[in-house]
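Since the structure comes first, as structure tokens, the remarks are kept for the end.
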Amino acid sequence: MNRLLALVPALSLSALAATAMAQTPPAAPAPAKPVVKTSCSDYLALDETIKPKFVYFVVGHGKHGKKDAVFDEVAVEKIKPQLDEYCKVNLTKSAYDKVMASSMASEPHGLKAK
């Protein structure tokens, strides 16, 4: 019985700490930013699984959502490493602009996005 009474204050502190932690509001997510305003530092902060999706989205965005725009996995795999290297040394530059320039340079001559 004495052991049980000795545990009561410790359990009370644990319960109090858990209650305090449960009442702490979670950190607010960063406000959404338009993709055209994504800087290189923003891009580098993305998870590695999201970066190819970013490149794919920007390339599609640059084609103005045309239905004939196709997913070019080779282009994404080519642009992503170039963008990674570029952004490492140009943190304040636009990642969006770099993808657009790279994707337009890789298109056949007569099919450039407007």
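So if each residue of separation counts as 0.36 nm, and I subtract the Cα-Cα distance between Glu73 and Val36, what length gain in nm does that give?
Here the answer is 11.2 nm.
Taking amide H positions as placed 1.01 Å from N in the peptide plane, with prolines and chain starts having none, which residues 5 or more places from Ser39, or on another chain, fall under 5 Å of its amide H?
Counting only residues 5 or more places away or on other chains, the set is Ala95.
Bear in mind these aren't lab numbers, they're just calculated from the coordinates by the rules spelled out. Here the structure is a predicted model, which is why all the values come from computation and not from measurement.
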